[in-house]
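> Supplied in structure tokens, the structure appears directly below.
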Amino acid sequence: MAPFHTKFFTDLLLQAKFSPEKQKLKQLDACESLLQIVQKDKCYPIDFICYHITGYRPKQKSIEQEMVCHEDLIQDIPVYSEKLSRMMRIPSGNTKGKFYTNASLAKHFRVSEKTISRWRKMGLAGRYLVYPDGRLRLAFSDNVVDTFIRINHKRVEKSASFSQILPVEKHAIEQRLIKWAARYPDQRSEAIRRTARKFSRSIEAIRSILIQLESQKDLDRFYKRTTGLSETEGQAIYEAYRNGIAADELVIQFGRSRANIYRAINLYKSRELVEKNIEYTDSHEFQSQNVSSILDAPQDLFKNSVRNTNHVKDFASPNLDSLGQYIHDIYNYEMLTARQEFFLFRKYNFLKYLAEHERSQLDSSMPSGRAMNRIRLYLQQAKEIQNQLLSSNLRLVVHVARKHVNNETDMLEYIGEGNLTLIRSVEKFDFTRGNKFSTYATWALVKRYATLKSNAARQTICVSADEALDIADNLRVPASQIPILEATRKNLDQILTDNLEEREQFILREHFGLSEQNEDTGFRRPRSLTQIAQLVGLSKERVRQIELYALKKLRKVLSVDQFELLTQI
């Protein structure tokens, strides 16, 4: 017997177990009456149900005032009525009115007893009676049956219209399915649906016939196997699809239905999407309902500018012969205003937010092809916006690179590295802070170029004993302190990274010669505060203030000897 959906009925049944027989009979009648007044799509409080079944209202403290929905109620009341009547063992001769047994009711409506069992879960309440042969049988009063028919008359009529499939009709169904299998072996579900419609039978009945038919040998059958797609087979299908083989050809090649082929393709596409890294800057605007304000540009936003969203081919590494042409071409791209830049960055991150949100809703076992198409569309649109942002800022890379190199060969390397840095800057820029992207990108480029120079400077020349003495004379320090000085230089990069901000690191490296190597001594050539101020776009006095503040930080982490040697360089 089915369990209760609501705990209240379990407790009520335990209490009714110790109630008098007369009270139990009243509860049985009350259950049948309650089913007549409850309405679909409504919920009822526990005290309402308790009062209609038992005749009293429980105290507020003794029971939680939870709500029971109609779907749970019409399933729990018949179960309660059946379990309660089994305790009582009511003789069938002591009942008033007409009662139907399970078999007689099925015969009356010309349905199967399984159909009656399904009706019981829909609100057909019965009670167990003891018949003259001494056996307990489930019986339904005529009032309960009439109420159920009134509420579910369409379902009863539909169930009564079913009839047993005769051998002649079954043979005709089999012949039609065999023809479908021979002509369209990948359309199993479509064949079942159309055959069911043609013969006015249920889909399950036709499917049952087809399963029996497929169990026979030497017959053309649909592409359907008892086991699912293996990992190896699914991977082979996806690789073939990526190589340009059409789905219809894959159906024949792998002996699978078209649905199975597309399911395998979508499964592996979803895995690629899951592995794809989607980073974006979140904003409270993304959760608002006004999506059009983010995606649709105002009419006057790009009115006076030439929008060019074409991808810049191989902009990360221009050719040596075409360096001049490359620089000429990138200066043809229009610079963005602050308003245009904010709109594009917000839309760029919002599209990636939509893609990530859609990806989180994907069913890993059976991903939706439409959902994955939407994700790819969002990412494609975001890529187009990214290309527009990159195109409008390529001249910034050239401008910053010119301040760090003097020859054309190094210029090519720095432009390539700078363009890659620009891509990462677009991906990580936080537009919600209200800063200009050019400021953020400039610092990222300066940091990258400083790293390039620092890496090149690490390739120092091994210094001999005599050279060490020369260095000591030049630096005016004892030769015994040269190893300490070298150790200080080697560890300084990590110390700066751990304790200083990016701008402070750059200023100290440039001023104390930690970025550029001196060809004569093997040490780096320092820059003046004026030169550094020109590089970072600040005043000389402001650079000096930042340097002093950074040195105060380093006093806490460097020893006295190390700090003195550092400032003597």
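The values are calculated or read from the model by the stated rules, or taken from the named source; none is laboratory data. In this text the structure is predicted, and so the values were computed from the model without any measurement. Counting neighbours? That spans all protein chains shown, and the Cβs are built from the backbone with ideal geometry, glycine included. These area figures cover heavy atoms from the full protein model, side chains too; ligands, DNA and RNA do not enter into them. Shrake-Rupley method; radii C 1.70, N 1.55, O 1.52, S 1.80 Å.
> Run the numbers on the range 1-115 and let me know its relative contact order in percent, using alpha-carbon pairs under 8 Å that are six or more apart.
Relative contact order comes out at 31 percent.
> Distance in nm between label sites at TYR56 and MET366, each 7 Å beyond Cα in the beta-carbon direction?
Placing both labels 7 Å along Cα→Cβ, they lie 5.1 nm apart.
> For the range 36-185, what does the relative contact order come out to in percent, with C-alpha contacts under 8 Å and a separation of six or more?
Across the range 36-185, relative contact order equals 20 percent.
> Enumerate the calculated ³J(HN,Hα) couplings along the range 438-448 in order (Karplus 6.51 cos²θ - 1.76 cosθ + 1.60, θ = phi - 60°), each rounded to whole Hz, writing x wherever the residue is Gly or Pro.
Once rounded to whole Hz, the list reads 4, 5, 5, 5, 4, 5, 5, 5, 4, 5, 5.
> For the range 228-301, which GluC sites (Glu not before Pro) are in a loop by DSSP, counting at most 13 other Cβ atoms within 10 Å?
Details: sites: GLU231, GLU233, GLU239, GLU249, GLU272, GLU275, GLU279, GLU285; in loops: GLU279.
Of the GluC sites (Glu not before Pro), the ones in loops of the range 228-301 whose Cβ has at most 13 other Cβ atoms within 10 Å are GLU279.
> Another question about this same structure. FRET efficiency for GLU66 and ALA172, Cβ-Cβ distance as r, R0 = 41 Å, nearest 0.05? Present the calculation step by step, with values, prior to reporting the outcome.
Values: r = 54 Å, r/R0 = 1.32.
According to the calculation, E is roughly 0.15.
> Okay, moving on. Taking LYS352 as the anchor, which lysines have their alpha carbon closer than 30 Å to its alpha carbon, excluding any fewer than eight residues away along the same chain?
LYS269, LYS276, LYS303, LYS313, LYS383, LYS428, LYS436, LYS447
> A further question follows. Report the relative contact order of the range 68-156, percent, no decimals, based on alpha-carbon pairs under 8 angstrom and at least 6 residues apart. The partial results should precede the final answer.
Numbers: 102 pairs, mean separation 31.7, N = 89.
Normalised by residue count, the contact order of the range 68-156 is 36 percent.
> So, one more: Counting other Cβ atoms within 10 Å of each Cβ, which trypsin sites (Lys or Arg not before Pro) in the range 82-144 have at most 13 and sit in a DSSP loop? Could you put the intermediate results ahead of the total?
Working: sites: LYS83, ARG86, ARG89, LYS96, LYS98, LYS107, ARG110, LYS114, ARG118, ARG120, LYS121, ARG127, ARG135, ARG137; in loops: ARG89, LYS96, LYS98, ARG110, LYS121, ARG135.
When the trypsin sites (Lys or Arg not before Pro) of the range 82-144 are filtered for loop state and at most 13 Cβ neighbours within 10 Å, ARG89, LYS96, LYS98, ARG110, LYS121, ARG135 remain.
> Take the alpha carbon atoms of the range 387-452, find their center, do the same for the range 130-175, and report the distance between the two centers in whole angstrom.
Centre-to-centre (Cα) distance: 78 Å.
> Next up: Mind ranking 169-179, 43-53 by how tightly packed they are, going by the mean number of other C-beta atoms within 10 angstrom, highest first?
Sorting 169-179, 43-53 by mean packing, highest first, produces 43-53, 169-179.
> What's the center-to-center distance, using Cα atoms, between the range 73-111 and the range 243-299 in Å?
The range 73-111 and the range 243-299 have Cα centres spaced 54 Å from each other.
> I've got another one for you. Quick one: order GLU341, GLU501, GLU66 from most to least accessible surface, probe 1.4 Å. Before the final figure, lay out the partial values.
On the way: GLU341 20, GLU501 110, GLU66 80 Å².
Sorted descending by solvent-accessible area, the residues read GLU501, GLU66, GLU341.
> Once the Cβ-Cβ distance between ALA103 and SER283 is put in as r, and R0 is 60 Å, what FRET efficiency do you end up with, to the nearest 0.05?
That pair, ALA103 with SER283, gives E of 0.35.
> Please give the contour-minus-distance gain from LEU295 to MET87: 0.36 nm per residue of separation, less the Cα-Cα distance, rounded to one decimal in nm.
This chain segment gains 68.1 nm when fully extended.
> Taking the range 1-61, which trypsin sites (Lys or Arg not before Pro) meet the DSSP loop condition and have no more than 11 other C-beta atoms within 10 Å? Don't jump to the answer; show the numbers that get you there.
Details: sites: LYS7, LYS17, LYS22, LYS24, LYS26, LYS40, LYS42, LYS59, LYS61; in loops: LYS17, LYS40, LYS42, LYS59.
Of the trypsin sites (Lys or Arg not before Pro), the ones in loops of the range 1-61 whose Cβ has at most 11 other Cβ atoms within 10 Å are LYS17, LYS40, LYS42, LYS59.
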